Every structure is written in C-alpha cells, then in structure tokens.
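Remarks on the structure that follows.
The values are calculated or read from the model by the stated rules, or taken from the named source; none is laboratory data. What you see is a predicted model; the values in this text were computed from it and never measured. Backbone-built Cβ (ideal geometry, glycine too); neighbour counts: all protein chains shown.
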C-alpha cells in the first residue's frame with residue numbers, strides 16, 4: 001500500500017500563542033481515529049520555528065530557513081490505497097478549521113530507526 005506524508009502548516013503569528021488545550025484535544029482525537037483506521041505509520045509535532053537552526057552550505061543561522069507567513073508545525077505519514085484516500089484522511093484534520101493548511105505528498109522512500117530512542121521526548125521505549 002502507498003504511503004503519503006501529510007504536512008501541517010499554521011500561520012506564523014499563531015505560533016506565539018500556540019494551540020490551546022481544546023485544539024490539542026481535537027488533534028489527539030484525529031490521530032486516534034487514523035490509528036484505529038489502521039492508516040497511521042508515524043506522526044510528529046514539531047517545536048516552534050523560532051527554535052529552528054538552518055544550514056545553507058557552510059552558513060548556520062538561527063531561525064527558519066526562509067521567511068514565510070506559514071510554517072510546518074507537524075507531519076504524519078499514512079498508508080492509503082491511493083491519493084484520494086489519503087486526501088480523505090487529511091480533510092478530517094482539525095488544522096483546517098483552525099486557520100492552517102495541509103500538504104499531501106507521496107512518500108518516495110525512507111525508513112524509521114527506533115534503536116537508541118529511549119529518553120527522547122515522544123520516543124517509545
């Protein structure tokens with residue numbers, strides 16, 4: 001079955017406040033629904049873009065790689081038989097009702113390493 005990455009975008013100005021408990025609960029519920037459906041492969045919430053460190057060539061700078069009105073705040077990977085099924089999963093994501101957006105892309109390849117993950121935030125083990 002094909003895998004699709006779903007990238008979550010939020011307006012940059014909303015990141016100063018962050019999601020409230022009610023918004024987080026909606027995201028947790030959506031993630032649980034996708035897990036129950038058997039489609040969830042992996043999911044990650046990202047730290048604030050203001051904490052990003054960017055690299056270009058030999059230059060290291062604090063902050064996001066580019067200036068933008070929206071930034072990636074998370075991503076998840078789902079298994080779906082085709083793009084339309086992945087889009088249906090994405091359409092149920094609450095970020096669409098919270099002023100954000102989504103991007104759905106086929107996963108071209110990759111793997112997940114789990115060894116040595118104990119002790120990291122959000123890591124199982």
| request: Please work out which residue is nearest to the chain's Cα centre (by Cα), limiting yourself to segment 60-72 and to residues that are at pLDDT below 90 and assigned to a strand (DSSP E or B). | output: 71
| said: I need a count of the residues in segment 71-96 that are closer than 17 Å to residue 27 by Cβ and touching a residue at least 60 places away in the same chain (Cβ under 8 Å). | reply: 14
| Taking segment 45-59 only, how many residues are under 20 Å from residue 99 (Cα atoms) and assigned to a loop (DSSP other than H, G, I, E, B)? | 3
